[in-house]
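Read the structure below first, then the notes.
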Amino acid sequence: MTDTTDDIAEEISFQSFEDDCKLLGSLFNDVLQREVGSSFMEKIERIRILAQSALNLRLAGIEDTANLLEKQLTCEISKMPLEEALTLARAFTHSLNLMGIADTHHRMHKLIDVTQLSRSCDDIFTQLLQSGISSEELYKTVCKQEVEIVLTAHPTQINRRTLQYKHVRIANLLEYNSRSDIGHEDRETLIEDLVREITSVWQTDELRRQKPTPVDEARTGLNIVEQSLWKAVPHYLRRVSNSLKKFTGKPLPLTCTPIKFGSWMGGDRDGNPNVTAKVTKEVSLLSRWMAIDLYIREVDSLRFELSTDRCSDRFSRLAEDILEKESSEKDSDRGQSSFLNQQNSSLPTQLPDKAQHPSCIEDGDSQHPKFEINMTTDFVPPNLQKQNEEDSPKIDSKPNADDTHTAGLTSRGSFSSTSQLLFQRKLFAESKIGRASFQKLLEPPPLKRAGMAPYRIVLGDVKDKLVKTRKLLELLLEGLPCEYDPRVSYETSEQLLEPLLLCYESLQSSGAGVLADGKLADLIRRVSTFGMVLVKLDLRQESARHAEALDAITTYLDLGTYSEWDEEKKLDFLTKELKGKRPLVPPTIEVVPEVKEVLDTFRVAAEFGSESLGAYVISMASNASDVLAVELLQKDTRLAVTSEHGKPCPGGTLRVVPLFETVKDLRAAGSVMVGYSDSGKDAGRFTAAWELYKAQEDVVAACNEFGIKITLFHGRGGSIGRGGGPTYLAIQSQPPGSVMGSLRSTEQGEMVQAKFGIPQTAVRQLEIYTTAVLLATLKPPQPPREKKWRNLMEEISTISSQNYKGTVYENPEFISYFHEATPQAELGYLNIGSRPARRKSSTGIGHLRAIPWVFAWTQTRFVLPAWLGVGAGLRGVSEKGYADDIQEMYKEWPFFQSTIDLIEMVLAKADIPITKLYDEQLVSENRRGLGDMLRKELMTTEKYVLVITGREKLLESNKSLKKLIESRLPYLNAMNMLQVEVLKRLRRDKDNNKLRDALLITINGIAAGMRNTG
């Protein structure tokens, strides 16, 4: 987990946390003793003690002695052979990870007593009712709430998935160990299991040896859904429902889902050439396949539970109808089998003359009629499809597996001879040998009478359709032809919900409500939340790529070059074409591969539609034409696909969401997705926060004027420098009216695992989203009390931005200093994401992505992107006599308070002596003055933050978080010193792979200690 998710830091019991740290530390030392030997263990312990002693002296204010100990520590590390440095880096990295696991466990443990949790449903419902909100208004607002959490594959998750799972298992063992009812023997077994897990962690390679593909990233996200969110969602909804019933007398409606999930994994192609139309199609199909597979498991479990024969008359008739249909299908199958056998037995043993000739040729007077049967490939297993291709005569041309146009199409293979038919039946029969008997062992015999177990009959029919749906998806994933039949498979969640709701109604009406409200209710809630796709996939592309596609189209049509037109001409053209009923893009058009990829993506969007896909996000948007361009390309492609397939495209068009990321674009924003990363890198964190606040106010005002309901989409990162922070605090600090019962927000990289990787923490995070949005809707945060506050914010922002830009963009030495003082250039070796670190090949800051920009400064403990310029702005207004005013702003304005509090947390993680060590060892002497200047700015920022908050020391009001940070510092400080030494050696010997591994392990360790990356 990361400190930026710390909505409940005060709930940690430090005594038990420290006990677990000691237990894991002791077991890890035993493992290390076996693995590396006692002599090296003594070195590890000596370095830890030196680091702890230096830290204690510094915290006590004895700076000179602390400096001496740190110099001794640095000297000892510099003399270490490479192998020892590598082992030390691994040991301290795992120590920091084990401390993080103990932290995670205690957050989980404290979630057991829900009634005592702050910001829980019970807590917030009580507050709202006491403030005068009626129970009816509370109920309606919760039921209408729409929150969508969008999981993204931003490259900030540094731990391998294998290690993440091992860490979760250790946390679960700690949870079991905290129970008071386990005996001595069980506890000994548990300790042995912990030792095995820790040993396995030590013996596992920490580093990814190859970059993940976009499909790998999507699979990781889907695993989070399967392993955690799938379990968490029913518990979360049950908690909301129970609280609603307690305070309003009515439970949450069964199909009501205050929270849903989206994804960018496999759909975010902005600056990532590895995300193609083919990838998007595969990921969408994979997501559907996993959803169906999970539903099959749940239905199986439910069939076992619902053995009762009590049911309504309507339900009984439904079960009878299913049995009757199955019986008629069996009779039909027997009839067809008899017909085929008769045909086979009537074949003569010796063929007459010319019987081998086709009956259609003139001299072919064969007395035997031609025998034809059309068979779909639906009933042929995929493995036999391939065998058939190799061994049998070719029947029809097979579609290209890479073709992105096969989804939803119908294709039948036609067998023109009895020999081909018999060959196909032989293959199919061989594939079934032994399977039918084995299946009978796994499942009970089919029921003959509906009254015996009607729910099992109906759910059996549901399972059959789900299995056939899964087979259909497998064929599509393999690029094989197939056809959708609504009578035997499911396409929409409404189709799946129908029989489940009938089961629920029947049980309730038959006096078995307690059964209805168990696993069946959980399954209905899962279907309502996850639908048929688990997470709807957003598509994201840069606005310039759409302009390039339209350039190609208008040039081909001799209309000129679209991108050279002014905004008015673009809007006239787009509006006219949107009103037209004919496709704009000719089927004969030939375009360059980059443009073809854009058009292919719109084709996938048309073929899958809004049933499988979410929003189309336009990054770097700046004009209305950017939105209309996407609308036109969508409309045009849907017309073409409808014409080609002879039937309407599924679902509707994707909603278009422009993403304004730079400060310039934010100032011209309309209905938007707001991006925190690039705006922060563009003008500094403080200015970006204020411009985002104002942009949201403008959007809300415009929508209110025209009576439009708006949902703002927040593209937040994990770190403070990229818009991160505690969920509750972030939502509560939004402008009034911007959170009116709806919210869309990204969760990126390591934050996905941190917030949703374990079911218990996932339930808590979902609850916090719900209560924060509810409170912001019914009791919106206060706006600036007076115009003077807005004027002061403008002045702070202006000074802050000028200071930030003057350093980052206008100082000619800054780029060189940045490359020397941080491991930015080496971060690419981490293999943590599929996309490049830069949008374009340039060494400037402008084209560097925000993640490596923040990541690099976090590693050196400067965390510069989160605070640079803030101190100058606060000092500027304070020196003009407005110190009292900004103190009042901090006390009374939630937005300003949260902005300052987040900066305070970042400052608590910064470390001036460590940043100085990087400069002394890695930076050219003529540039070290820039580092000294930045350290003065850091101290200025800290000084004025303390003046505003009225505190003497950083994090004085959050002692739990402060203690958590300090507990990690002995290992973290030593890791920074080791990283400096490894960087120094690597820059002299760039091809040394062991040095590179050592550096990457220190990056892992520092990320674990800082609890965030980029």
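The listed peptides 771-784, 858-871, 527-540, ordered by packing as a protection proxy, come out as 858-871, 527-540, 771-784 (highest mean of other Cβ atoms within 10 Å first).
Across the options L778, L712, Q765, the greatest Cα extent toward the positive end of the charge dipole of region 710-817 (unit charges at beta carbon of Lys, Arg, Asp, Glu) belongs to L778. Shown for region 695-815: the carbon plus sulfur share of the solvent-accessible area, taken with all protein chains present and a 1.4 angstrom probe, equals 55%. The overall shape of region 864-1014 is prolate: from the C-alpha gyration tensor, with semi-axes ordered a ≥ b ≥ c, the ratio a/c is 1.5 or greater and a/b exceeds b/c. Surface calculation, 1.4 Å probe, protein heavy atoms: H184 sits at approximately 140 Å² accessible. In order along region 212-226, phi translates into HN-Hα couplings of x, 7, x, 5, 4, 4, 5, 4, 4, x, 5, 5, 4, 5, 5 Hz, rounded to whole numbers, per the Karplus curve 6.51 cos²θ - 1.76 cosθ + 1.60 with θ = phi - 60° and x for Gly and Pro. Residues in region 507-513 carry Karplus couplings, in order, of 5, 4, 6, 9, x, 10, x Hz; the curve used is 6.51 cos²θ - 1.76 cosθ + 1.60 with θ = phi - 60°, and Gly or Pro positions show x.
Is region 226-303 rounded, prolate or oblate when judged by the Cα gyration tensor, a ≥ b ≥ c being the square roots of its eigenvalues, rounded requiring a/c under 1.5 and prolate requiring a/b larger than b/c? Walk me through the numbers before you get to the answer.
On the way: a/c = 3.80, a/b = 1.88, b/c = 2.02.
Oblate.
Ordering T949, I900, I912 by the projection of their Cα atoms onto the charge dipole of region 892-1014, which places +1 on the Cβ of Lys and Arg and -1 on the Cβ of Asp and Glu, puts I912 at the extreme positive end.
Centroid-to-centroid, using Cα positions, region 206-230 and region 726-778 are 22 Å apart.
Pairs over the 31 Å Cα-Cα cut-off, from the set K278/K569; K22/K246; K570/K596; K943/K963; K144/K694: K278/K569; K22/K246. Residue-wise HN-Hα couplings along region 947-964, as the Karplus relation 6.51 cos²θ - 1.76 cosθ + 1.60 with θ = phi - 60° gives them from phi, are 4, 5, 7, x, 9, 8, 9, 5, 6, 4, 8, 10, 5, 5, 5, 4, 5, 4 Hz; Gly and Pro carry x.
Could you tell me which of rounded, prolate or oblate describes region 23-70, using a ≥ b ≥ c as the square roots of the eigenvalues of the alpha-carbon gyration tensor, with rounded for a/c under 1.5 and, failing that, prolate when a/b is larger than b/c and oblate otherwise? Oblate shape, in that a/c is at least 1.5 and b/c is the bigger or equal ratio.
The values are calculated or read from the model by the stated rules, or taken from the named source; none is laboratory data. Predicted, not measured: the structure shown is a model, and the values here were computed from it. Here the Cβ is made from the backbone with ideal geometry for all residues, glycine too, and neighbour counts use every protein chain on show. Accessible surface areas use protein heavy atoms only, side chains included; no ligands, DNA or RNA. Shrake-Rupley method; radii C 1.70, N 1.55, O 1.52, S 1.80 Å.
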